[in-house]
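What follows is a short report on a single structure.
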Amino acid sequence: MTRLWNDPSAFADEMIDGFVAANGRCVRRVAGGVVRSTVVPDGQVAVVIGGGSGHYPAFAGLVGQGLAHGAAMGNLFASPSTQQIVSVAKAAEHGGGVFFTYGNYAGDVLNFDAAQDRLRADGIACTTVTVTDDISSATPAEKHKRRGIAGDLTVFRIASAAAEAGGDLGEVTRVAALANERTRSFGVAFTGCTLPGAEAPLFSVPEGRMAVGLGIHGEPGIDETEIPTADGLAELLVSRLLAELPEGVETARDARVVPILNGLGSLKYEEMFVIYRRIAELLSDEGAVIVDPHVGEYCTSFDMAGTSLTLFWLDDELERLWQTPVDTPAYRRGTVIAAARDDATSSAEAIADIPTAGDGSRAAASLAALVVSVTAETIDTHVDELGRLDQIAGDGDHGIGMQRGARAARAAAESAADRGAGAGTVLVHAADAWSDRAGGTSGALWGVILRSIGETIGDEDRPDAKSVAAGVAAASRGVMAYGKAEVGDKTMVDALVPFSAELTRGVETGEPLSAAWAGAADAATRAAAATADLLPRMGRARPHAEKSLGTPDPGAHSLALIATAIGTLLADAPDERN
């Protein structure tokens, strides 16, 4: 288990600070993550990687000459926020555009895509290739839905090598997509992992058993077996990967392949060498030509005991790029001619302005801040429950992610209200803080919810029932557009849509806001409970849909809890009922 921390909620930030202090020759701190601390040639494409913290050396450990130009770093097992990604990308960009590459997870896709849209709007060219190497997470027919695990390294390295060689954005994108297509991975685990401050692992594996095909965040595997011998495990890993050769590789015989045996955090190097001994024999028996074998930790999961095997099938172009020298804090290959240190310094983040507000809106700002505070208190009360729900078919971090976001939102809302903001600005500031601090899918979507309501009620007049209902309706539309989920997908949307519909109905029939909200909260609670009968069609739970039957969706459940708590607050504020 993870044993050393100060405040668990500050663990990721303190980890990044310590990492930068120890590796200043390669990286410097910027808002949202790290970028190279060495000079980058003008016009070179900036390769920006990223994801949740907790996977070192992915992602910050792979920033440096010959590899990535920057890494956006989210909280533990949570994607970086849109703001973090934009900040890192702008700090890393040197006139050649930005190439994004990262593991294919819903929260990462959502936030990186939003960041890409913002950067393009600012005139910065961007492209993306998501890594989809894990063969256990979807069938070959749906390989675009697969998640990225230790195969991230091959795509990151090939894209960065192309950028280092002077390739333009189109060329970097092309070879990265080729590298992704020719990379396959498969993993197993013997124990779960425990996040700082947690009392129990995110998941557990029975003593003497092995989870087969699980994800790096603790997503359940596709099977569970007795732990084999080291040779037996090698045979399992190799056989699964040789059963699915990528397009362009007709047979393993005479094909050139880079094997990457990755430790997930607690497996000893000595154990991996025993496993790799047999892997090398098996690949050679098939006639494959082994090139530059890797045995070590490249994408971990805190203290998870497990390993994955990646096979990267080379062609002449990919092999030439693979030979590019690399010098980063955690990964070095060949000899790099050291570049000069960049004298850029990180600037402090500006405090957001408070626009002028009308008297009515300023008077309602305290209630808006109280709504956010009640939301944070509700999450604090139910954080363990939400984590347990998310463990069933996800990665177990919904509770702590929501807690980080809600607490940041409360602080931002209270600060804005104290500075004379209107009710709309209070919620907009809370939205930005929530999405930035929480990261992940839920962070982004709660940012959409609060921002939509805040922008709808505005700062001119005191919000009334109609404007609040219109704001919730805008939030419902925004979440569906942003997250691409629909009713029936077993997500937050299954509770949000009926909540909005019932709130609008109640307000239109003349009910005061408190009564209409209470009815809508009841509708959300019923809808959230009904998600127990649904199979997930979105997010990390999708590959293990059947495991979630009988359990409500955590996002829908948390929304219903929050709606109910706010309803109680409104009922106790009689002057706010209309």
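Can you show me the helix-derived [θ] at 222 nm for the chain, built from DSSP H runs with n ≥ 4 at -39,500 (n - 2.57) apiece and divided by the number of residues, rounded to the nearest 500. Can you show the working numbers first?
Working: 16 runs with 261 residues, N = 578.
It lands at -15000 deg cm²/dmol.
Volume of the convex hull of segment 375-523 (Cα atoms only), normalised per residue: 107 Å³.
The value of relative contact order for the chain, using C-alpha pairs under 8 Å at least six residues apart, is 13 percent. When you count the other C-beta atoms within 10 angstrom of each residue and take the mean per peptide, 400-408, 69-77 line up highest first as 69-77, 400-408.
Where in the chain are the helices, taken as whole DSSP H runs, whose Cα atoms extend 20 angstrom or more along the long axis and whose Kyte-Doolittle mean reaches at least 0.0? Numbers along the way, then the final one.
Numbers: long enough: 106-121 (23 Å, -0.32); 269-285 (24 Å, 0.05); 359-391 (46 Å, 0.16); 398-418 (30 Å, -0.40); 423-438 (22 Å, 0.23); 440-457 (26 Å, 0.76); 465-483 (27 Å, 0.77); 493-508 (22 Å, 0.51); 513-530 (25 Å, 0.71); 554-571 (26 Å, 1.41).
What comes out of the filter, once short or polar helices are dropped, is 269-285, 359-391, 423-438, 440-457, 465-483, 493-508, 513-530, 554-571.
Between Tyr269 and Lys466, the FRET efficiency from the beta-carbon distance, with R0 = 60 Å, is close to 0.40. Here, the chain yields an orientationally averaged convex hull projection of 25.1 nm² when only Cα atoms define the hull. Near Arg256, the amide H atoms lying under 5 Å from its own belong to Val289, Leu314; only residues 5 or more places off or on other chains count, and H is placed 1.01 Å from N.
Since every read-out is calculated from the coordinates, none of them should be taken as a lab result. Keep in mind that what you see is a predicted model, and the values were worked out from it rather than measured. Cβ atoms come from the backbone with ideal geometry, glycine included; neighbour counts cover every protein chain shown.
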